[in-house]
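Single-structure report; data block below.
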Amino acid sequence: MKKRIIFVLLCIFITLTVISSYSLWYGDSLNNRFSVGDRLLVAGITVFLFIYYIKLDKKPQYAHATINTEKKEKEQNGNEFFTKPKITFEDVAGLEEVKEELVEVIDFIKKSEKYIKMGAKIPKGILFHGPPGTGKTLLASAVAGETKSAFFSASGSEFVEKYVGVGAKRIRTLFEKAKKEAPSVIFIDEIDAIGAKRHIDSNNEKDQTLNQLLVELDGFNTDQTVVVIAATNRMDLLDEALLRPGRFDRHMYIGNPNVKAREEILRVHTKNKPLSPDVDIPTLAKKTHGMSGAHLSNIANEAAIIAVRQDETIITPDHFDQAIERVIAGLQVKNPTILQREKEIVAYHEAGHALIGKILSTDMVQKVSIIPRGQALGYVLHMPQDDRYILTKQELCQKIMVMLGGRAAEELIYGHLSTGAKDDLKKVTDLAVQMVCEYGMSDLGFMFQEPSLTRGLSHQINKEMNKIIDECYELTLNYLKTYQKDLVKVTNALLEKETLNADELAELLGDFKIEEDELKAV
Ligand code: ADP
Ligand code: ZN
């Protein structure tokens, strides 16, 4: 603000100086109005404003930057800069293969002299990659905990600065401090914020920060036991220089837990909670397919909170069910203002999903509801029977059919298309793209279509996707026509009770037996 005012004043005075000196040199009518004193004064003020403006432009920014870093450093030089975690591998459930690999690193930190005597090199940089919430931070702090090392934790985005050199300086300070406190573990989360591939046009500040990080990684002496662990969920973005031998050369993938690991994670997070004896952890693990460790710890916590809210002293399976729903589908909307007619459309839509799921007996339908949650007006919770890693074309088509069940039901009953199927259609499209371009499941052939090469093919790809989706939709509509009575039954029950669980649904519908031949038509 101040800068702007000075700038405007400066402009005015420059104009005045020009006018007054013009009249001095060319001696026109203005000459009479400006005395020599006036002219000197105007010129003097202009020069003063100019100098002041230049200083204002530079000094405060540098001052700002230094103050900022000094403050940070002061904070960081205190004990907040590092911690001595008490977490051990026992607190990290599952991830056995990763822990096994890390044992070697731990041994190195604990008995570094032994390795140094042998002339062995330190395993310096470890890169954890994988989706968020899977325990990367937890593992890194467990490495520090197991070795009683100082744990320095930072996030890549903390080093992204507007001022050239500041990010690099922070990196330097971090490593200096870590070396001083050795043995230590440095953890840099979201390394992609500073370690992204460098381009010709890329930002100079980021390059400096990354270069500094590379220098630090290369510059360890063998007698300093500092291990650097970085984490990212976008390994594809990282600059190759970071991944070279001697830098982050040990890559460990940390993915979402499978059913066994989910069970263990749930055990860790319910260890200190009073559970009712009928809480069955293996069942909970099955119900939480696809969730990360962070989701699971969240569920355990939510369940406890719900139990407290209901004034109970132990956590029951019902509390867990509510917690799972909350974590999957978001908050239940209180007093939704939804029109009766719309409610009926939602009921048919959800009943369509549920019925097709039941008919094809894909994933078990755990619950159908038309109580709005988060952004969704209704939802169907599925419970996969097992963790699956390979799916056939037929199974993928069945998934598509379940997703299309909602729209097909609306079309069958009302003869209209509505906006309510947007999310379903997005998921269907994603799956169809994968089937055509990645899994070679269309007439385009068994080719993996590189995204960069598909431009010319986009018309054909669309055609193939449409073919798959149309066929699935046709079949879905036919099923719903055949079982229209059941569709109406489920819808009415939903309108009456708002939610139906697996048992209620089974009671309502009995058993479907679909002939294998009929399914093969897809
Ligand atoms: P990331 O760094 O991969 O994003 P975090 O390590 O921050 O994930 O995990 C978040 C939380 O989730 C942890 O604090 C922990 O409570 C829980 N968690 C995740 N994975 C596990 C696991 N394998 N065992 C126990 N708890 C876990
Ligand atoms: Zn839907």
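The values are calculated or read from the model by the stated rules, or taken from the named source; none is laboratory data. Nothing here was measured: the structure is a model prediction, and the numbers come from that model. Note that each Cβ is placed from the backbone with ideal geometry, even for glycine, and that neighbours are counted across all protein chains shown. What goes into the accessible areas is simple: the full protein's heavy atoms, side chains included, and nothing from ligands, DNA or RNA. Shrake-Rupley method; radii C 1.70, N 1.55, O 1.52, S 1.80 Å.
Using the structure shown, decide if residue 51 is assigned to a helix (DSSP H, G or I), loosely packed, with under 12 Cβ neighbours inside 10 Å and either over 60 Å from the mean Cα position of the chain (by Cα) or at pLDDT 60 or above (or both). In short, yes. When residues in the stretch 176-192 are screened for being open to solvent by less than 10 Å² (accessible area, probe 1.4 Å) and out of contact with any Gly (no Cβ under 8 Å at 6 or more places or on another chain), 5 of them pass.
Taken together, 292, 297 contain a single residue that is open to solvent by less than 20 Å² (accessible area, probe 1.4 Å) and either within 18 Å of residue 135 (Cβ to Cβ) or away from ligand 2 (no atom under 16 Å from the Cβ) (or both), which is 292. Give the residue that is nearest to ligand 1 (Cβ to nearest atom), with candidates limited to residues of the stretch 222-251 that are within 18 Å of the chain's Cα centre (by Cα) and assigned to a strand (DSSP E or B). Here the residue is 231.
Selection of the stretch 376-392 for residues being modelled with pLDDT under 80 and open to solvent by less than 30 Å² (accessible area, probe 1.4 Å) yields 381, 383, 384. Somewhere in the stretch 106-129, is a residue within 15 Å of ligand 1 (Cβ to nearest atom), β-branched (Val, Ile, Thr) and closer than 17 Å to residue 226 by Cα? Yes: the stretch 106-129 contains one or more residues that are within 15 Å of ligand 1 (Cβ to nearest atom), β-branched (Val, Ile, Thr) and closer than 17 Å to residue 226 by Cα.
Looking at the stretch 472-490 only, could you name the residues that are open to solvent by 90 Å² or more (accessible area, probe 1.4 Å) and touching a residue at least 40 places away in the same chain (Cβ under 8 Å)? Passing the criteria: only 481. Remark: pairs (first residue in the stretch 409-428, surrounded by 19 or more Cβ atoms within 10 Å (Cβ to Cβ); second residue modelled with pLDDT of 90 or more and in a loop (DSSP other than H, G, I, E, B); Cβ separation under 9 Å; 6+ apart in sequence or on different chains) are absent. Give me the pairs, please: first residue somewhere in the stretch 295-320 and closer than 18 Å to residue 278 by Cα, second residue anywhere and in a helix (DSSP H, G or I) and polar (S, T, N, Q), beta-carbon distance under 6 Å, and either six or more positions apart or on two chains. Listed by first residue and then by second, the contacts come to 300/270; 306/322. If the condition is being surrounded by fewer than 21 Cβ atoms within 10 Å (Cβ to Cβ), at pLDDT 75 or above and within 28 Å of residue 147 (Cα to Cα), then the stretch 218-246 contributes 218, 219, 233, 235, 243, 244, 245, 246.
Of all residues in the stretch 252-275, those being in a helix (DSSP H, G or I) and within 12 Å of ligand 1 (Cβ to nearest atom) number 11. How many residues are open to solvent by 10 Å² or more (accessible area, probe 1.4 Å), of a type in the set (Val, Ile, Thr) and modelled with pLDDT of 85 or more if we restrict to the stretch 148-175? Counting residues in the stretch 148-175 that are open to solvent by 10 Å² or more (accessible area, probe 1.4 Å), of a type in the set (Val, Ile, Thr) and modelled with pLDDT of 85 or more gives 1.
Selection of the stretch 123-180 for residues being within 19 Å of residue 89 (Cα to Cα) and among the β-branched types (Val, Ile, Thr) yields 126, 134, 137, 143, 147.
Do we find that residue 456 is surrounded by 17 or more Cβ atoms within 10 Å (Cβ to Cβ), away from ligand 1 (no atom under 16 Å from the Cβ) and assigned to a helix (DSSP H, G or I) in this structure? Break it down into steps so the answer makes sense when it comes.
On the way: surrounded by 17 or more Cβ atoms within 10 Å (Cβ to Cβ): no; away from ligand 1 (no atom under 16 Å from the Cβ): yes; assigned to a helix (DSSP H, G or I): yes.
When the stated conditions are applied, residue 456 does not pass them.
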